[in-house]
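The values are calculated or read from the model by the stated rules, or taken from the named source; none is laboratory data. If you're wondering where the values come from, they're calculated on a predicted model, not measured in any experiment. Backbone-built Cβ (ideal geometry, glycine too); neighbour counts: all protein chains shown. We work out accessible area using only protein heavy atoms, side chains counted, and drop any ligands, DNA or RNA first. Shrake-Rupley method; radii C 1.70, N 1.55, O 1.52, S 1.80 Å.
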Amino acid sequence: NLDDQKFLRFSIKYLYLFEKAVAIDILKYSLSKVLVDYYPLAGRLRPCGGAGDDDKLVVDCNGEGAVFAEGFMDISCEEFLQISRKPNRSWRKLLYRVEAHSFIEIPPLVVQVTNLRCGGMILCTAINHCICDGIGTSQFLHAWAHVITKPTLDLRILPFHSRHVLKPRDPPQVTHTHLGYTKTTFKDNNIHVDINQYLQSQPLVPTSFTFTSAHILRLKRRCIPSLKCTTFEALASHTWRSWVRSLDLSTTFKVKLLFSVNVRKKLIPEIPQGYYGNGFVLACTETAVKDLVTSKLHHGIKLIQQAKSSLTDGHVRSMIDLLEDKNVKTDICSSLVISQWAKLGLEDLDFGQGKPLHMGPLTSDIYCLFLPVAGNFGAVKVQVSVPECVVEKFEYYMMDGLDEEENGEQNGFI
């Protein structure tokens, strides 16, 4: 059920920039080798009943293969880095477009390697989110690199394919309240705003902020009264608060934060090592706009910590059972959604010619990403698209006061 959510019916699209290219033949051959282990990515999605997109999906492991495309761009790595501070719509040309009538018809894995004038390369991948989550995609990409760099050694982590470890109970037992989901028949007689609908109707502009270790330390110091917290908790609270402030919503509205949490080790028994399917859930917290924007970071951090701690084995199993009801949808109407990419090891990918100069998403969206910064372990890049009319406000709230102290550090805002 976690894999089959409509919310996940898209491809995770990564863009990597490497200073030195790897020979196309080596990349192709190694990909064919690793797909022997990750054979579902060489198959095709289809509806279980064969009727349409609304049916439960299955993977037909027919070995049709991944799509591998090649390209060339007359640009150097250095020039690309100059323009890579924010995603660009033209980057979409760096990933082969598969002509398809629906998401289901797109092969689960699409790869394009674009060689550059300087001898570098850009690697773009599109990996079906119904088959892999962020941890799973990172595991697969590292396995691909392993086949090139250590061809005589077996994979360090073998893929675990059995999705039955997260199957619903029979009969389903929905024993908890799940704030992150709503039924499609949901109606609210009180004031209700669909922020997501508003965002989708506006011209959106990608924004990107690099928070250094020093920035993050200053954020944590703003947590008054003092509260022990992680980098993610401080940054998520700050981003949520800045986003809501910039949208200038009515103080009476309720707003939600949805954020990805890996539950592989939270379940009893733990999910086996190598599980590359969707082993995460969206934790959810909610508060009134007034309480979020007038309070310091402490308020949001505490809500995030409570949402994380509530994700026990029983809570997650209840969520899986809830999703047996196909009228249940992820509630993104009044939510900021944050996906954590910063701790997946994506920036360490090495095909034998060195780690990437740049790693990030191919495109920007209204979903917020916490990204790793190549070559800077302690830093986190926050990327999200916001309406053009609120860009300046959002940028101001995100970086206000964080660059004023200590040693004339480089500006962390991009």
With a/c under 1.5 counting as rounded, go ahead and sort the chain into rounded, prolate or oblate using the C-alpha gyration tensor (a ≥ b ≥ c being the square roots of the eigenvalues; past the cut-off, prolate if a/b is larger than b/c, else oblate).
-> oblate
Percent relative contact order of the range 180-408, based on C-alpha pairs within less than 8 angstrom and at least six residues apart?
-> 32
Rounded to a whole %, the carbon-and-sulfur portion of the accessible area of the chain at a 1.4 Å probe is 50
Per residue, how much accessible area does the range 3-159 show when a 1.4 Å probe rolls over the protein heavy atoms, in square angstrom?
-> 49
For HIS101 and PHE72, calculate 0.36 nm times their separation in residues minus their Cα-Cα distance, and state this gained length in nm to one decimal.
-> 7.7 nm
When each of LYS6/LYS265; LYS20/LYS265; LYS228/LYS290; LYS6/LYS393; LYS167/LYS329; LYS308/LYS329 is checked by Cα-Cα distance, pairs over 27 Å | LYS20/LYS265; LYS6/LYS393
Shape call for the range 180-408, from the Cα gyration tensor axes a ≥ b ≥ c (a/c under 1.5 means rounded, otherwise prolate when a/b beats b/c, else oblate), comes out rounded
With runs of 4+ DSSP H residues as the only contributors, calculate the mean residue ellipticity of the chain at 222 nm using -39,500 (n - 2.57) per run, divided by the residue total and rounded to the nearest 500.
-> -8000 deg cm²/dmol
Here the relative contact order (percent) of the range 34-183, from C-alpha pairs under 8 Å and at least 6 apart, is 22
By its C-alpha gyration tensor, with a ≥ b ≥ c as the square roots of the eigenvalues, how is the range 6-164 shaped: rounded for a/c under 1.5, else prolate for a/b larger than b/c, else oblate?
-> oblate
Note on the chain: contact order normalised by length, alpha-carbon pairs under 8 Å, 6 or more apart, percent, works out to 24
Summed over the other residues with a beta carbon less than 10 angstrom from that of SER295, with K and R at +1 and D and E at -1, the charge totals +3
Quick one: among PHE280, PHE370, PHE72, which has the greatest mean-square fluctuation in a GNM of the chain with alpha-carbon springs under 10 angstrom?
-> PHE72
